[in-house]
Amino acid sequence: MTRRRTTVLTVLALAALPLLFLAVFFAYPVVRIVLLGLHQDGAWQWHAAWSTLADPGVRHVLWFTTWQALASTGLTLAVGLPGAYVLSRLRFPGRSLVRALVTVPFVLPTVVVGTAFLALLGSGGLLDDWFGVTLDSTPAAIVIAHVFFNYAVVVRTVGGLWSRLDPRQEEAAMVLGASRWRAWRTVTLPALAPAVAAAALMVFLFTFTSFGTVQILGGPRYATLEVEIYRQTADLLDLPAAAVLTLLQFAVVLVVLLVHGTAVRRRTSALGMVAAGQAERPPRSTGERLFLAGNLLFMAVLVVVPLAMLVLDSVRSSRGWTLAFFRALFAGGGDSTLFVPPWQAITNSLRFAVLATVVALVVGGLASVALARRGTGRVGRGLDLLLMLPLGTSAVTVGFGFLISLDRPPLDLRSSFWLVPLAQALVGIPFVVRTMLPVLRAVSDRLREAAAVLGASPWRVWREVDLPMVRRAVLVAAGFAFAVSLGEFGATVFLARPDQPTLPVAIARFLGRAGEINTGQAMAMSVILMAVSAASMLTLERLRPREPGEI
Amino acid sequence: MSLLTVDDAAVTFGDAPALDHVDLTLEPGEIVSILGPSGSGKSTLLRAVAGLQPLTAGRILLDDADQASTPPHRRGVGLMFQDHALFPTRDVGGNVAFGLRMHGAPRAAAERRVAELLGLVGLPDAARRPIATLSGGEQQRVALARALAPSPRLLMLDEPLGQLDRGLRERLVQELRAVFTRLGTSVLAVTHDQGEAFALADRVVVMHDGRIAQTGTPQELWRRPADEFVARFLGFGNLVPATASGGEAETPWGPVPVPKDAADGRYLLLVRPGGVRLAAPEAASLRASVTARTFRGGPADSVTLALDPERGPALEATCRLGDAPVPGSTVAVAFDRDEVVLLPQ
């Protein structure tokens with residue numbers, strides 16, 4: 001047997017569990033729901049499918065989904081790149097705090113982000129009070145919320161590479177007569193291209209499939225495909241239309257992933273890298289200090305103001321400051337909104353998220369170990385792509401697919417507690433892989449060989465060489481998986497039983513009810529959710545691996 | 001019984017042979033250098049012996065046992081990597097103790113052994129130092145101590161001194177030889193530097209394009225390079241086609257005396273630079289102008305001269321500083337029979 005075939009077989013053995021997991025809990029439910037929509041009464045419903053695609057309303061949704069995702073991605077890159085520079089190349093007091101702070105929005109549940117911007121831009125919000133301007137139910141609100149949400153993706157992904165790029169390359173270009181801007185554009189930007197492309201891909205996927213944020217801010221006029229899928233499935237019970245929309249979204253995402261994969265592979269070039277921290281320096285000129293100050297001010301406005309508004313709205317009512325909303329969460333039994341005391345949503349969320357994190361770590365970890373092996377070629381790239389797909393697939397479809405496909409033996413999970421954690425793990429797996437894979441790939445093969453020659457068996461090589469290096473990455477991956485599970489909304493909203501709501505589900509239900517006490521409780525719950533997410537993320541920021549991750 | 005036998009070993013990457021049917025033996029206690037330019041297959045040979053690179057054909061035997069189905073961690077050989085490959089998550093002591101732990105050595109015995117080896121490589125108090133604080137030379141010593149710790153039956157070194165500066169290299173190569181001789185270690189060392197190979201080894205194997213071009217003691221190699229490649233790789237440039245008959249050869253430079261026992265025929269003729277002697281102008285038949293002179297220093301006050309003879313290709317000669325003519329002057333050249341080697345064409 002050749003070495004290459006051995007490698008491919010090892011990879012497949014390691015990837016067996018992840019593949020099985022994806023087949024049962026991702027491919028099967030999605031295929032079932034698509035079939036359910038397209039294949040009715042023993043015949044393919046091509047006509048219905050075609051009429052859905054021909055519907056001007058659907059085309060409008062597709063157009064809106066695409067342009068708002070492109071606008072959000074472009075704007076996030078435009079403001080995120082200077083931010084990445086400031087946080088990766090300039091040294092200033094309080095930098096690690098700022099770095100942690102800008103990450104908070106990313107781990108916030110989309111429902112909370114929507115709520116925060118509703119508090120800021122909606123009627124009765126800050127902008128309304130001060131300038132009489134309301135932006136809710138406008139594309140502007142959606143795009144701004146998306147920038148808020150994804151700013152950290154650009155800052156962290158691009159900054160991770162930028163902080164290690166050898167500054168002498170840019171200096172060499174300037175010595176050769178290039179202006180600063182030209183040196184950046186011709187030397188640094190191409191070197192950053194893989195990270196910029198990765199960040200753009202993530203932001204595009206997140207915003208293209210955005211659900212919670214658009215659901216809250218879009219109003220009746222603006223919907224993404226994901227929101228439309230939810231509407232067709234849950235409100236109109238038009239499964240054929242939902243199936244067509246799911247396939248449409250899936251197709252766009254697949255094309256984007258393939259284009260990205262090809263572009264990145266062609267771009268791989270040798271980069272001059274320096275140790276982390278070597279390329280940083282304090283700002284030197286007045287211009288640089290102004291640039292730094294401007295960026296910090298922007299981060300403060302972008303990140304702090306919406307979060308502060310959320311906190312403010314949770315502790316004030318029309319009659320002044322109050323803790324009534326928080327008290328209401330913990331007082332009393334269930335009512336018609338939640339059926340259970342609201343605080344139970346917190347314990348539900350935590351329990352689901354812990355289980356989902358464990359599942360995501362095991363499945364994503366095994367997949368990462370498999371993918372990190374060299375010489376896996378086409379098989380490895382295919383697996384990599386497959387693992388990214390859950391990010392770009394309609395969470396609503398996955399949720400509803402779970403309901404209709406995992407409902408009979410041997411897999412009857414309808415009444416099982418596991419339904420929600422399994423769906424949440426699916427969303428967490430891409431994050432685990434994106435965090436662990438770069439670190440595992442950075443472990444030099446030489447070290448593994450050195451350990452083997454010194455008498456370490458393959459298993460001990462993994463334990464003695466790989467594990468100590470990825471331990472921190474595992475913690476970070478766990479944090480992402482936990483935060484993402486905590487905030488998962490699209491699938492959970494289908495799967496959580498009425499008497500077992502999670503925090504995002506409860507928030508959405510409160511928001512769906514009129515009355516100050518309901519809105520207030522939604523805000524209070526968002527604050528709690530934000531605190532839990534932020535606390536888990538800040539703990540992990542302290543444990544951040546020195547190696548650059550992709551997120 | 002040989003310690004190591006490489007029997008007709010071949011490795012191909014794609015279609016390109018990296019190791020082209022190589023045979024090699026190594027006796028217990030012997031120090032052998034593999035010398036060759038980059039891409040000649042020497043590192044591949046080490047990796048094959050360590051079990052890190054599967055063979056396409058042939059066998060590798062250690063103590064006469066075929067290693068085909070023995071994985072690297074059961075071969076009992078040591079390998080010191082070119083980039084040292086020290087474990088960054090462990091300190092110096094943790095690196096040196098690694099192999100001992102893998103072989104199940106008791107903790108106290110392992111600690112004694114680590115202290116002993118760090119003393120041997122001249123870093124007696126470094127056990128608790130992090131790897132990142134070590135200089136290149138210190139890393140090299142730690143890598144050596146780590147490879148020696150489990151007492152491998154064969155120690156292999158891949159460009160052990162490659163990244164160090166010249167002065168340190170010359171000192172370390174002496175130290176390495178002293179350590180190996182004292183411990184009786186069998187060593188297979190790969191290098192592209194002939195000085196390093198000659199100083200370290202009892203026997204030198206020159207590799208070229210995945211094949212063994214010549215094997216011999218350093219003196220044998222220097223006296224009688226086997227072919228044009230080995231001669232040029234050792235730095236010899238005075239090579240011309242020649243036809244020998246009766247103790248003399250006809251060359252582009254004119255007649256050159258050749259070893260008396262040489263059979264008549266066509267050869268490639270090499271004159272070592274020391275054999276190009278400057279003579280009084282009227283006594284010799286070949287005149288040459290001096291185009292450059294490079295002072296080499298060293299105890300012999302050696303100077304290398306570049307000569308442009310009136311016929312034939314450029315010549316390189318060495319002489320003492322005091323005898324060196326200035327560039328631009330004309331000298332007469334004579335050839336020393338003892339410094340002439342006839343190579344196959």
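The values are calculated or read from the model by the stated rules, or taken from the named source; none is laboratory data. Note that the structure is predicted; figures quoted are calculated from it, not measured. Cβ sites come from the backbone with ideal geometry, for glycine too, and all protein chains shown count toward neighbours.
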Subset tally (residues that are among the hydrophobic types (A, V, I, L, M, F, W, C) and under 22 Å from A:Arg434 (Cα atoms)) for segment A:158-188 = 4
inquiry  = I need the full set of residues from segment A:460-477 which are within 17 Å of A:Asp445 (Cβ to Cβ) and either more than 13 Å from chain B (Cβ to nearest Cβ) or touching a His at 6+ places or on another chain (Cβ under 9 Å) (or both), in order please.
reply    = A:Arg460, A:Val461
key: Condition check for B:Val179: within 13 Å of another protein chain (Cβ to nearest Cβ), assigned to a helix (DSSP H, G or I) and not basic (Lys, Arg)   = no
message = For segment B:51-71, which positions are farther than 18 Å from B:Ser186 by Cα and within 10 Å of chain A (Cβ to nearest Cβ)?
response = B:Leu52, B:Gln53, B:Pro54, B:Thr56, B:Pro71
request  = Pick out the one residue from B:Val121, B:Val204, B:Val142, B:Val173 that is in contact (Cβ under 8 Å) with a residue 40 or more places away in the chain, away from chain A (no Cβ under 14 Å) and farther than 26 Å from B:Ala9 by Cβ.
outcome  = B:Val121
request  = Report the residue count in segment B:182-196 for those that are surrounded by 15 or more Cβ atoms within 10 Å (Cβ to Cβ), away from chain A (no Cβ under 14 Å) and aliphatic (A, V, I, L, M).
outcome  = 3
query = Any idea which of (1) assigned to a helix (DSSP H, G or I); (2) within 14 Å of another protein chain (Cβ to nearest Cβ) is the one A:Leu426 doesn't satisfy?
reply = (2)
Condition check for A:Ser416: of a type in the set (S, T, N, Q) and within 25 Å of A:Ala234 (Cα to Cα) = yes
remark   = Among helices (runs of 4 or more DSSP H) completely within segment A:81-194, the ones holding 1 or more residues that are touching a residue at least 24 places away in the same chain (Cβ under 8 Å) are A:95-107, A:110-121, A:126-131, A:139-162, A:167-175
query = Has segment B:75-90 got at least one residue that is surrounded by fewer than 17 Cβ atoms within 10 Å (Cβ to Cβ), under 26 Å from B:Ala16 (Cα atoms) and within 13 Å of chain A (Cβ to nearest Cβ)?
reply = yes
query = Among the residues of segment B:32-45, how many are more than 22 Å from A:Val453 (Cα to Cα) and not in a loop (DSSP other than H, G, I, E, B)?
reply = 1
remark   = (1) free of Cβ contacts under 8 Å to residues at least 24 places away in the same chain; (2) buried (at least 20 other Cβ atoms within 10 Å of the Cβ); (3) not basic (Lys, Arg) all hold for B:Gly167 apart from (2)
ask   = So which of B:Gly136, B:Gly93 is more than 9 Å from every other protein chain (Cβ to nearest Cβ), under 22 Å from the mean Cα position of the chain (by Cα) and surrounded by fewer than 22 Cβ atoms within 10 Å (Cβ to Cβ)?
value = B:Gly136
request  = Consider A:Phe400 carefully, then state whether it is more than 20 Å from A:Leu19 (Cβ to Cβ) and away from every other protein chain (no Cβ under 14 Å).
outcome  = yes
query = Would it be correct to say that B:Ala48 is closer than 24 Å to B:Asp193 by Cα, outside any strand (DSSP E or B), within 14 Å of another protein chain (Cβ to nearest Cβ) and not hydroxyl-bearing (Ser, Thr, Tyr)?
reply = yes
message = Every residue in segment B:1-31 that is part of a loop (DSSP other than H, G, I, E, B), over 19 Å from the mean Cα position of the chain (by Cα) and more than 16 Å from B:Gly76 (Cβ to Cβ), please.
response = B:Gly14, B:Asp15
key: Test: B:Gly137 is closer than 18 Å to B:Leu168 by Cα, without any contact (Cβ under 8 Å) to a residue 40 or more places away in the chain and in the same structural domain as B:Thr185 (by the TED database)   = yes
ask   = Can you find even one residue in segment A:44-65 that is among the polar types (S, T, N, Q), away from chain B (no Cβ under 14 Å) and under 27 Å from A:Val155 (Cβ atoms)?
value = yes
Every residue from segment A:281-309 that is outside any helix (DSSP H, G or I) and surrounded by fewer than 17 Cβ atoms within 10 Å (Cβ to Cβ) = A:Arg281, A:Pro282, A:Arg284, A:Ser285
Condition broken by B:Ala108, with the remaining ones in (1) surrounded by fewer than 18 Cβ atoms within 10 Å (Cβ to Cβ); (2) modelled with pLDDT of 90 or more; (3) within 27 Å of B:Leu45 (Cα to Cα) satisfied = (3)
inquiry  = Looking only at segment B:239-278, how many residues end up being in a loop (DSSP other than H, G, I, E, B) and among the basic types (Lys, Arg)?
reply    = 2
query = Only one residue in B:Ser33, B:Ser43 is buried (at least 17 other Cβ atoms within 10 Å of the Cβ) and away from chain A (no Cβ under 14 Å). Which one?
reply = B:Ser33
task = Give the residue, chosen from B:Leu234, B:Leu221, that is within 23 Å of B:Leu155 (Cβ to Cβ) and within 14 Å of the chain's Cα centre (by Cα).
result = B:Leu221
Segment B:146-169, residues that are more than 10 Å from chain A (Cβ to nearest Cβ), within 19 Å of B:Ala105 (Cα to Cα) and out of contact with any Asp or Glu (no Cβ under 9 Å at 6 or more places or on another chain) = B:Leu148, B:Ser151
